[in-house]
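Below are the structure tokens for one structure; questions will follow.
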Amino acid sequence: MTEFLTIAAQVLFLAVSAAVLLLHGIGLPANWILLGLAGLHALVTGMQPLGWWTLLSLVGLATVAEVLEFFVGVGYTAKRGATRWGVGGAFLGGIGGAFACASLVPPFGSLLGAFLGSFAGAVALEFVAQQRMDVALRSGRAAFFGKVLGAVIKTMFGFAMWGVLAYRVLVNR
């Protein structure tokens, strides 16, 4: 009976941690919340089956995901022709849009605001710098798609983190 309860608890933990990945869709830091759940699991179970190396690998994956999200978004925007003004506008607009829209369109407002804010910020500052709307709109479009691409990559890393947890909890107990 104890073995059955242990396995049931492990499956429940994995189901909850998989549900946490859905938080990416509303702009919350799902990878870091998943890491927190893994740390809590490790504390409750006496670091079995998750150990320090597993937790450190999850920290590494979450950190790489954040760095890639930032650099992919910025790099894509710059590669598509945005100047420093457009890239800076996309960055500031993404932050501002996330905060501005968080309460307007719950629960997806912060993510939607970040995407639209990146577009609007890039368009606004690129237009100030270039005085050409076609260039500004191209920069805004690149900022929008760069932000989306970065979010997709970050979400993929979240699934990889969940895969590490599932392996350690179910297979390598």
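The values are calculated or read from the model by the stated rules, or taken from the named source; none is laboratory data. Small disclaimer: the values here were computed from a predicted structure and weren't measured. When we count neighbours, we look across all protein chains shown, and the Cβ atoms used for this are built from the backbone with ideal geometry, even at glycine.
Of (1) at negative phi; (2) among the small types (Gly, Ala, Ser); (3) free of Cβ contacts under 8 Å to residues at least 60 places away in the same chain, Gly46 satisfies all except one. Which?
(1)
Test of understanding: among Gly73, Gly86, which residue is assigned to a helix (DSSP H, G or I), without any contact (Cβ under 8 Å) to a residue 60 or more places away in the chain and not acidic (Asp, Glu)?
Selected residue: Gly86, the only one of Gly73, Gly86 that is assigned to a helix (DSSP H, G or I), without any contact (Cβ under 8 Å) to a residue 60 or more places away in the chain and not acidic (Asp, Glu).
Regarding Gly113, is this residue within 30 Å of Ala124 (Cβ to Cβ) and assigned to a helix (DSSP H, G or I)?
Yes, satisfied.
Of the residues Leu104, Leu111, Leu116, which is without any contact (Cβ under 8 Å) to a residue 24 or more places away in the chain and within 22 Å of Ala30 (Cβ to Cβ)?
Values: Leu111 fails: without any contact (Cβ under 8 Å) to a residue 24 or more places away in the chain; Leu116 fails: without any contact (Cβ under 8 Å) to a residue 24 or more places away in the chain.
Testing whether each residue is without any contact (Cβ under 8 Å) to a residue 24 or more places away in the chain and within 22 Å of Ala30 (Cβ to Cβ) leaves just Leu104.
In a helix (DSSP H, G or I), touching a Leu at 6+ places or on another chain (Cβ under 7 Å), touching a residue at least 12 places away in the same chain (Cβ under 8 Å) and among the basic types (Lys, Arg): is that true of Arg168 in this structure?
Yes: the conditions hold for Arg168.
Conditions (1) among the basic types (Lys, Arg); (2) more than 12 Å from Ala122 (Cα to Cα); (3) crowded, with 17+ Cβ neighbours inside 10 Å, marked per residue:
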residue: Ala62; (1), (2), (3): no, yes, yes
residue: Glu69; (1), (2), (3): no, yes, yes
residue: Val72; (1), (2), (3): no, yes, yes
residue: Lys79; (1), (2), (3): yes, yes, no
residue: Arg84; (1), (2), (3): yes, no, no
residue: Phe91; (1), (2), (3): no, no, yes
residue: Phe99; (1), (2), (3): no, yes, no
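For Trp52, only one of the following conditions fails: (1) farther than 20 Å from Gly158 by Cα; (2) out of contact with any Gly (no Cβ under 6 Å at 6 or more places or on another chain); (3) free of Cβ contacts under 8 Å to residues at least 24 places away in the same chain. What is its number?
(1)
Pick out the one residue from Gly60, Gly46, Gly39 that is farther than 20 Å from Gly113 by Cα and either in contact with a Ser or Thr (Cβ under 7 Å, 6 or more places away or on another chain) or outside any helix (DSSP H, G or I) (or both). Can you show your working first?
Values: Gly60 fails: either in contact with a Ser or Thr (Cβ under 7 Å, 6 or more places away or on another chain) or outside any helix (DSSP H, G or I) (or both); Gly39 fails: either in contact with a Ser or Thr (Cβ under 7 Å, 6 or more places away or on another chain) or outside any helix (DSSP H, G or I) (or both).
Exactly one of Gly60, Gly46, Gly39 is farther than 20 Å from Gly113 by Cα and either in contact with a Ser or Thr (Cβ under 7 Å, 6 or more places away or on another chain) or outside any helix (DSSP H, G or I) (or both), namely Gly46.
For the subset of region 116-137 comprising residues that are crowded, with 19+ Cβ neighbours inside 10 Å and not hydrophobic (A, V, I, L, M, F, W, C), which member is farthest from Glu69 (Cα to Cα)?
Glu126
How many of the residues making up region 24-36 are aliphatic (A, V, I, L, M) and either crowded, with 18+ Cβ neighbours inside 10 Å or touching a Gly at 6+ places or on another chain (Cβ under 6 Å) (or both)? Walk me through how you get there before you give the answer.
Within region 24-36, the first condition is being aliphatic (A, V, I, L, M), and the residues that meet it are 26, 28, 30, 33-35.
Those still in the list that are either crowded, with 18+ Cβ neighbours inside 10 Å or touching a Gly at 6+ places or on another chain (Cβ under 6 Å) (or both) too: 30, 34-35.
Final tally of qualifying residues: 3.
Among residues belonging to region 39-60 that are aliphatic (A, V, I, L, M), in contact with a helix residue (DSSP H, G or I) (Cβ under 9 Å, 6 or more places away or on another chain) and modelled with pLDDT of 95 or more, point out the one that is surrounded by the most Cβ atoms within 10 Å (Cβ to Cβ).
Leu58
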